[in-house]
Amino acid sequence: MQTPASAPSAARRSQAKTDGGGHNITVVVRVRPLNTRELQRNSWSCLNLQEGRQINVVDPDDKMDGLDYLRLDKNKDKSYAFDHALDETMFQEDVFRFTTQSLVPGVLLGHNSCVFAYGATGSGKTFTMTGSLEQPGVIPLTLAALFAACHEADDEFSTLLRIQYVEIYNEQIKDLLEPRDGVSLDVREDPKRGTFVAGATSRVVTSRAELEGFLHRANLFRTTDATNCNEVSSRSHAVLQLQLETT
């Protein structure tokens, strides 16, 4: 990110600091509902949320009709605390509100921001991050907020947004915006640019619709394969980079 030559107003600076909550890292966990295959097996959830921050994991012991005499004195229940814990009733907008919404004002000030989705296959990462046309995920909701913030700041400075979108699969890096068979990109370091993917295509986008069009076409080239947990699992890591230049 490049710091704007004409800095935003003091009010916006204050808002960026307040919205961020003073924390550099926020950890949010989302519990997905049981999928069709789990419901067909009559599975049940062993998780329950407490006060929006803690997840209690009940020991799913199903041996001997739920009673294992060798473990009567051993409680395997666990509890984990996070900045935010979201249950199955939360909508995509709720996830956005608890994760990336507070990052947008800081991005306009030139702050670097990173959003990292982690979880086992079938845990719902792709749905949470990308979503669908009816239920857009964190990425499209964040982009909408970013474009809205840029439009609001038009009276103070002009903005230019560039994107790069790559896939990492089997230690090979593929350009999703301009995919080429058999071509693997390299990660390099530069004193001025820092760490970057050499040869990755860079596109200038001027609207949310244009950017979502790029992402939709790029996602068609992602590597997918069926697993026991997910029939259309994304078998790769996708990295979307946004570079906002302000003047």
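The values are calculated or read from the model by the stated rules, or taken from the named source; none is laboratory data. What you see is a predicted model, and the numbers here were worked out from it, not measured in a lab. FYI the Cβ positions are ideal-geometry reconstructions off the backbone, even for glycines, and counts take in every protein chain you see. Side chains included, ligands, DNA and RNA excluded: accessible areas come from the protein's heavy atoms. Shrake-Rupley method; radii C 1.70, N 1.55, O 1.52, S 1.80 Å.
Accessible surface of Cys46, taken over heavy atoms with a 1.4 Å probe and every protein chain present, rounds to 40 Å². Of the whole protein surface, Ile139 contributes about 40 Å² of accessible area at a 1.4 Å probe radius.
Anisotropy class assigned to the stretch 107-147 is oblate, per the alpha carbon gyration tensor with a/c at or over the 1.5 cut-off and a/b no larger than b/c. Taking a sphere under 9 Å around the Cβ of Ser184 and counting the other residues whose Cβ falls inside, with K and R at +1 and D and E at -1, yields a net charge of -1.
Considering only Tyr169, Leu240, Phe127, the residue lying farthest towards the positive end of the dipole of the stretch 108-247 is Tyr169, judged by Cα position with unit charges set on Cβ.
Using a 1.4 angstrom probe with every protein chain in place, what is the largest-first accessible-area order of Lys174, Lys76, Lys192? Walk me through the numbers before you get to the answer.
Working: Lys174 55, Lys76 105, Lys192 195 Å².
Heavy-atom accessible area, descending, gives Lys192, Lys76, Lys174.
Sorting Thr121, Thr195 by accessible area puts them as Thr195, Thr121; the probe is 1.4 Å, largest comes first, and only protein heavy atoms count.
So what is log10(I(q)/I(0)) for the stretch 122-171 at q = 0.22, 0.24, 0.26, 0.32 1/Å, when the Debye sum runs over its Cα atoms only? These q points yield log10 I(q)/I(0) values of -0.91, -0.97, -1.02, -1.13.
Residue ranking by accessible heavy-atom surface, 1.4 Å probe, largest first, among Thr247, Thr126 comes out as Thr247, Thr126. Please label the shape of the stretch 70-201 as rounded, prolate or oblate, based on the square roots a ≥ b ≥ c of the eigenvalues of the alpha-carbon gyration tensor (a/c under 1.5 means rounded; beyond that, a/b larger than b/c means prolate, else oblate). Oblate. Glu38 sits with roughly 30 Å² accessible to a 1.4 Å probe, with DNA, RNA and ligands left out of the calculation.
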